[in-house]
Amino acid sequence: MNDSLEHPYRGIGNGASFELADGLTWIRLPLPFPPRHVNVYRFEDEGGPVLVDCGFPDDATTACWKQLGSVPPAPDIVVTHFHPDHIGQAAHFEAMGARVHAPAPELEAAGELHALSGEQMQGSFAEFFALNGVSVPVAAIGGNRYRAAVPDLPAHAEPLGAGALPFAPSWSVSFAGGHSPAHALLYRHESPMLIAGDILLPEITPNISVWPNAPEADPLDDYLAALEELHKLPGNTLVLPAHGLPYRGVQRRIEAIRTHHEKRLSILRKAAGEGAALSAAEAIRLLFRPDLEPSSLPFALGEALAHLNRLRHGDELVRKLDEQGIYRYHARPRNS
């Protein structure tokens, strides 16, 4: 587990579990979509066992948990954020007696998204796409894919606060915006470890998106601010990500992620130079491969808008609605 990512567990399969250190177990669970796996972590503390995240709610994941033994796998379950591969099995484990804990903004986001009808979901995305120049049939957007993926949410989840975990005082909690409203990060000071979820992945970057319910948001600024705080961690911190392999070298990884986003910002700065008028649909073609599946378009549009909104909130670009009802971005005049 060193900086170069040469790793003794490279190539492990789903359903595997490994004791990493000091009673902390890394468990790899299957996903029905890329990257085809999610990592969850179980550790022992004075309050007893704690599980961080719980996997996707499908038969393959349920079979893994049965094979691994104790179900529910811990009396206390921390959900880092509301995405299906992290919160998915929480309702099932809660029904079996586990206590579920999650950041309040993540629980609110899950509840609001879960409550939308398929027609409401389609309508919001159809309008969102039209305003940004993305042409796609409404049927391709689908209905409420979140509720289809996560049929049940935990009914009695307890809001998670910042600071020491009351049921695991060796670990502290902080929050990171950008990928989701308030993604929980768990940190242990002794032999430093960071359960980073999707915030610090070793080889890919998390999706940082603008969504129809908050079109003026600046999630990239939130995410970069979170990275600024994480950059202060000790250099020997063992990072435990939700996808990929555990690693050390947190500062190096943060610099690589910053460079990734700065390159994307630079592409859009150049394309939206004075006299140009760039739509988000055109930004997608600059930032992503041309053969995106329709199901990937919401994420691609969200990422493009996250970068455009960062430039707009940073007073580098201005946005105007053109005669076709499409938002277009261009460089702010130098004398404004």
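Using alpha carbon centroids, what distance separates the stretch 129-173 and the stretch 55-119, in Å?
If we compute the Cα centre of each part, the gap is 10 Å.
Across the stretch 319-326, in residue order, what do the Karplus-derived ³J(HN,Hα) couplings come to in whole Hz, using 6.51 cos²θ - 1.76 cosθ + 1.60 with θ = phi - 60° and x for Gly and Pro?
Whole-Hz 3J(HN,Hα) from phi for the stretch 319-326: 10, 9, 8, 8, 5, 8, x, 10.
Restricting to the chain, what percent of DSSP beta bridges are antiparallel, rounded to 5?
Among the beta bridges of the chain, antiparallel pairing accounts for roughly 75 percent.
If you find the alpha carbon centre of the stretch 292-336 and of the stretch 237-261, how far apart are they in angstrom?
Measuring centre to centre over Cα atoms gives 28 Å.
Assuming R0 = 22 Å, what is the FRET efficiency of A214 and A148, from their Cβ-Cβ distance, to the nearest 0.05?
0.50
Near the amide H of N144, under 5 Å away, which other amide H atoms are found, from residues 5 or more places off or on another chain, if H is placed in the peptide plane?
Residues meeting the criterion, in which the H sits 1.01 Å from N, are G118.
Hey, of (1) 62, 44, 36; (2) 109, 45, 39; (3) 59, 48, 44, which did the structure itself give for Cα extents along the principal axes in Å when calculated?
(1)
Evaluate the relative contact order of the stretch 205-336 (contact order divided by residue number), counting alpha-carbon pairs under 8 angstrom at least 6 apart; express in whole percent.
Here the relative contact order equals 30 percent.
What is the magnitude of the charge dipole of the stretch 17-261 about its Cα centre, with +1 placed on the Cβ of each Lys and Arg, -1 on the Cβ of each Asp and Glu, and no other charges, expressed in debye to the nearest 20?
My answer is approximately 620 debye.
Could you work out the helix-only [θ] at 222 nm for the chain, with each DSSP H run of four or more residues adding -39,500 (n - 2.57) and the total divided by the number of residues, to the nearest 500 deg cm²/dmol?
One gets -10000 deg cm²/dmol as the mean residue ellipticity at 222 nm.
What do you get for the angle between helix 118-131 and the principal long axis of the chain? Use alpha-carbon atoms, 0 to 90 degrees, nearest ten.
40
Would you mind calculating the relative contact order of the chain from Cα pairs under 8 angstrom and at least 6 residues apart, reporting the percent as a whole number?
It comes to 14 percent, rounded to a whole number.
Against the longest alpha carbon principal axis of the chain, how many degrees, from 0 to 90 and to the nearest 10, is the axis of helix 104-115 turned?
70
Which far-off residues, 5 or more places away or on another chain, put their amide H under 5 Å from the one on L165, with H placed in the peptide plane?
When sequence neighbours closer than 5 places are left aside, the close amide H contacts are W171, S172, V173.
Sorted from fewest to most neighbouring beta carbons within 10 Å, what does the list I208, I195 look like?
I208, I195
Give the relative contact order (percent, whole number) for the stretch 38-111; include only Cα pairs under 8 Å separated by 6+ residues.
About 30 percent, as a whole number.
May I ask for the net charge around N213, where only other residues with Cβ less than 13 Å from the Cβ of N213 are counted and Lys, Arg are +1 while Asp, Glu are -1?
Local net charge: -4.
Convert each backbone phi in the stretch 46-62 into a coupling constant with the Karplus relation 6.51 cos²θ - 1.76 cosθ + 1.60 (shift: θ = phi - 60°), then list the ³J(HN,Hα) values in order as whole Hz, x for Gly and Pro.
With coefficients 6.51, -1.76 and 1.60, one gets 4, x, x, x, 10, 10, 10, 6, 9, x, 7, x, 9, 4, 5, 5, 4 Hz.
How would you rank D85, D222, going from fewest to most other Cβ atoms within 10 Å of each one's own Cβ?
Lowest to highest Cβ neighbour count: D222, D85.
Where a number appears in this text, it was derived from the coordinates with a stated rule and is not lab data. All values reported here derive from a predicted model rather than from experimental measurement. Heads up, the Cβs are rebuilt from the backbone with ideal geometry, glycines too, and the neighbour counts pull from every protein chain shown.
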